[in-house]
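K.L.:
The structure that follows is given in the form of structure tokens.
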Amino acid sequence: MACRSCSRVTKVLARYPAGDPRGSLNAAEAAHEECERTGRHAHVHYVPGRDEFAVVIGDTVGSGR
């Protein structure tokens, strides 16, 4: 499933295993902290092939940057 928030990932900041019951929560907290700390568009992608949640920085849809 394509991400609705970004057109492409430019950097992966952290990875959390989906098998960890807190993996999604930890990833969301890390993304939120990155946004507050730097102002960059950090958010979470689920990566099915690796069964993990990745905290990523991506080019925002429609922004061209």
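K.L.:
Which value, in Å³ per residue, describes the convex hull spanned by the Cα atoms of the chain?
P.N.:
Cα convex hull per residue, to the nearest whole number: 77 Å³.
K.L.:
So how much slack lies between LEU13 and THR60, counting 0.36 nm per residue of separation and subtracting their Cα-Cα distance, in nm?
P.N.:
15.3 nm
K.L.:
Return the long-range amide H neighbours of GLU52 (sequence gap of 5 or more, or a different chain), with a cut-off of under 5 Å between placed amide H atoms.
P.N.:
Amide H neighbours of GLU52, under 5 Å, 5+ apart: ALA18, VAL47.
K.L.:
Then there's this: May I ask you to derive the relative contact order of the stretch 6-60, considering only C-alpha pairs under 8 Å and at least 6 residues apart, and to give it as an integer percent?
P.N.:
Across the stretch 6-60, relative contact order equals 50 percent.
K.L.:
Hey, what angle do you get for helix 23-38 against the long axis of the chain, alpha-carbon based, 0 to 90 degrees rounded to 10?
P.N.:
Roughly 30 degrees, rounded to the nearest 10.
Every number in this text was worked out from the coordinates using simple rules, so none of it is lab data. All of these numbers come straight from a predicted model, not from anything done at the bench.
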